[in-house]
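Since the structure comes first, as structure tokens, the remarks are kept for the end.
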Amino acid sequence: MFRNCIKKFVIFIGLFSFCVPSFFAKEIVFGGKNGWKDLEYTYNVTTGSGRFGYDCLELATNSFEKDDYTDLIIDFEDSKNCVSEGNYKVVSNSLQICDNAIMEKSAGLSRNIGGLSLLGNRNSLFGNEGLIGSFCIEFWLCPSVSENGEVIFNWESAKNVEGKLIYQLLNGIMNNGHLEWNFSNIFDYYTRKNGLSELKLTGKSILIPDSWSYHAISFDCESGILEYLVNGITEDIQYVTSTGDESGEVFLAILGTPSQVDFCSDYTGKIDDIRILRRPYSAPDYQSSENAGLKNRVLYSPDGGRFETKPIMLSKGSSLNSLRAEFNTPEQTDVRFYVRSGDNYFNWTADYPEWKPVESDEQIDDVSGLYFQVAVDLYPDGNGEKTPSVTQITLDYSELPLPLPPMYVKAVAGNGQVTLNWSYSVDETTGGYYIFYGNRPGEYLGRIALEGESPINVGEVNSFTLTGLQNGKIYYFAVAAWSSKNDEIIGDLSKEVFARPLASRQ
């Protein structure tokens, strides 16, 4: 595996008549021109633009994650399906995927040609009728012009109140540079015969063209607070209660016939990370406790991120020499590299074998085996505004040389047996020999010999007799040397010889 990214070098410690290499130094490259396709695990990491024009791995910006209250998440990272979480299907979508997003890599671009329409199933907030409890609708917005009447969010339906169909509306529209939220017959006013059927919340902040801002409309069914926030700061608030304050009885939100939800149906600009929750608004943990506004928004999680490569299979006894990385660490950011190895990765866990911390361009000792794996931790700066990045990782490692085979092999048939004789290998790294045998040329699948199945480890000898063979049947043989470092490191086969045991032979 990874043959396309292995560059070989042969290092010689001396020049002998048979020119035997002492070891083979090789390298494996992750990232760079090969890309990052050979990753097994990533957490809070995404691709970016690295050195030399190649993709790098860097911290992903904070974005919404699914929890028990999540009804819908649209992050625009999947160009084929914008709905990343939630029980909604796309009815129509005129939004284009664009870069220059506020969260992660992609956002939705609306050109005022229809927007995005969704229809929820019975498990969704807008796909069922009746009481809906608390809710929060939030998104990032970057308008191009902020014209009056632009529609960012819209839901229209009707509900039956005392035998009459009552029109319902919940929308967010542009008005004089502000975003205004309208609620018509959403809350249980008619059945309670108290209060007004219309509610309106208006933002105070003027939405600046080509600037991102964070918006949330929230209702708390416990307190009756209906609240509109921009960049985490409350811009308008009402108590949906019988008294209009916190002392009154709460009027609950009741939705009528399920209908589709529309985003950006009449709007020019970008939208990113849309989320609907079945709970009221709460500031994310990574935002400032004093001011959760955009200016104090933490772009990168203080927990950082991590990625791990797939286990790399090399050869028995391989040793890791060094790790070289092309990486960038802006002020206060950091990158940490780890490696581990073993002979059987199928029993590996997240913490076993133990990860060994290493430094780029420094010698690595005592890391050897058949499989190798690399892990990298990335840490942002203290303000969560900067991310480190890794463009390429190169592993330099050494493989034990394969011992040379015997130059001479002879097979002598006997009665139900064959004796093999061979010359010792000229390779000083040889620790012993394997005998391969079978009934077809080049296929050494023999099982009949009393000494064992093919191949048979005969140790450091140059003559061996196989018994229990069938007279009259031809057998084919080859001999290979194994390394003094490990008998599972086996060199090439010798030339093939054959013999036919016969009863008349002594």
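The values are calculated or read from the model by the stated rules, or taken from the named source; none is laboratory data. On a predicted model such as this, the values are computed, not experimentally measured, just so you know. Glycine also receives a Cβ, built like all others from the backbone with ideal geometry; neighbour counts cover every protein chain displayed. Note: areas computed on protein heavy atoms with side chains; ligands, DNA, RNA excluded. Shrake-Rupley method; radii C 1.70, N 1.55, O 1.52, S 1.80 Å.
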### Message
Are there any GluC sites (Glu not before Pro) in the stretch 153-242 that are in a DSSP loop and have at most 10 other Cβ atoms within 10 Å? List them by number.
### Response
GLU162, GLU222
### Message
Report D for the stretch 312-360 in µm² per second (integer): Stokes-Einstein, Kirkwood Rh on Cα pairs, 4 °C, 1.567 mPa s.
### Response
99
### Task
For ASP71, enumerate residues with amide H under 5 Å from its amide H, sequence gap 5+ or separate chain, H modeled in the peptide plane.
ILE276, LEU277, ARG278
### Reciprocal mean inverse distance between Cα atoms of the chain - Kirkwood radius, Å
28.6
### Task
Mind giving me the nanometre distance, one decimal, between the label points for ALA503 and GLU451, set 7 Å out from Cα along Cα→Cβ?
2.4
### Query
Reported to two decimal places, what Rg/Rh ratio describes the stretch 54-164 when computed on Cα atoms with Rh from the Kirkwood expression?
1.01
## Note on the structure
Which of LYS164/LYS204; LYS89/LYS159; LYS37/LYS485; LYS316/LYS386; LYS89/LYS204; LYS89/LYS310 exceed 30 Å between C-alpha atoms? The answer is LYS164/LYS204; LYS37/LYS485; LYS316/LYS386; LYS89/LYS204; LYS89/LYS310
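Rounded to the nearest 500, what is the 222 nm mean residue ellipticity of the chain from helices alone, with -39500 (n - 2.57) per DSSP H run of 4+ residues and division by all residues?
0 deg cm²/dmol, from helical runs alone.
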### Message
Out of all Cα-Cα pairs in the stretch 40-113, roughly what percent, to the nearest whole number, are more than 14 Å apart?
### Response
69
### Task
For ASN321, enumerate residues with amide H under 5 Å from its amide H, sequence gap 5+ or separate chain, H modeled in the peptide plane.
ASP396, TYR397, SER398
### Message
Probe radius 1.4 Å, ligands and nucleic acids left out: which of ARG440, ARG500 has the largest accessible area, and how do the rest follow?
### Response
ARG440, ARG500
### Task
Please compute the net charge surrounding LEU179, taking Lys and Arg as +1 and Asp and Glu as -1 over other residues with Cβ under 13 Å from its Cβ.
-4
### Distance from the stretch 57-100 to the stretch 215-278 (C-alpha centre basis), Å
20
### Message
Please give the charge dipole size of the stretch 290-440, origin at the Cα centre, charges +1 on K and R Cβ atoms and -1 on D and E Cβ atoms. Round to the nearest 20 debye.
### Response
860
### Task
Place the peptides 108-116, 259-267 in order of packing, highest mean first, counting for every residue the other Cβ atoms within 10 Å and averaging per peptide.
259-267, 108-116
### Summary
The equivalent-ellipsoid semi-axes of the stretch 415-491, taken as the square roots of five times the Cα gyration tensor eigenvalues and listed largest first in whole Å, are 23, 12, 10
### Query
Summing +1 for each Lys or Arg and -1 for each Asp or Glu, what net charge is found among the other residues whose Cβ lies under 12 Å from the Cβ of ASP381?
-2
### Task
Alpha carbons only, please: Rg and Dmax for the stretch 342-403, in angstrom.
15.5, 57
### Task
With an 8 Å cut-off on Cα pairs and a minimum separation of 6 or more residues, tell me the relative contact order of the chain in percent.
15
### Electrostatic dipole magnitude of the chain [Cβ: Lys, Arg +1; Asp, Glu -1; Cα centre; debye, to 20]
2560
### Query
Going highest first, how would you order 206-215, 454-463 by mean Cβ packing within 10 Å?
206-215, 454-463
#### Entry: Nearest-10 value in Å² for the accessible area of LYS89, using the 1.4 Å probe
130
### Task
For the stretch 253-270, take each phi angle, set θ = phi - 60°, evaluate the Karplus expression 6.51 cos²θ - 1.76 cosθ + 1.60, and give the result in whole Hz per residue in order, putting x for glycine and proline.
7, 10, 9, x, 4, x, 8, 6, 9, 10, 10, 6, 5, 9, 6, 10, x, 10
### Message
If a paramagnetic tag sat 7 Å from the Cα of MET313 along the Cα-Cβ line, which residues of the stretch 426-468 would have the backbone N under 20 Å from that point?
### Response
444, 455
#### Entry: Cut-off under 5 Å, modelled amide H: who pairs with GLU150 long-range
MET174
### Task
With θ set to phi - 60°, apply the Karplus curve 6.51 cos²θ - 1.76 cosθ + 1.60 along the stretch 225-240 and write out the HN-Hα couplings as whole Hz, x wherever there is a Gly or Pro.
6, 10, 9, 10, 10, 10, 6, x, 10, 5, 9, 7, 8, 9, 9, 8
### Query
How many angstrom lie between the C-alpha centres of the stretch 419-490 and the stretch 344-362?
36
### Summary
For the stretch 449-455, in residue order, the Karplus 3J(HN,Hα) values (coefficients 6.51, -1.76, 1.60; θ = phi - 60°; whole Hz; Gly and Pro = x) are 4, 5, 7, x, 6, 6, x
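Please identify every one of the trypsin sites (Lys or Arg not before Pro) in the stretch 163-254 that sits in a loop by DSSP and has no more than 16 other beta carbons within 10 Å of its own beta carbon.
Answer in residue order: LYS193, LYS204.
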### Message
Test of the criteria: in the stretch 311-356, which chymotrypsin sites (Phe, Trp or Tyr not before Pro) are in a DSSP loop and have at most 15 other Cβ atoms within 10 angstrom of their Cβ?
### Response
TRP348
### Summary
Once the dipole of the chain is set up from charges on Cβ (+1 Lys and Arg, -1 Asp and Glu), the residue from the list ALA101, VAL367, GLY384 lying farthest towards its positive end is VAL367
### Query
If you wrap a convex hull around the Cα atoms of the stretch 141-180, how much volume per residue is inside, in Å³?
66
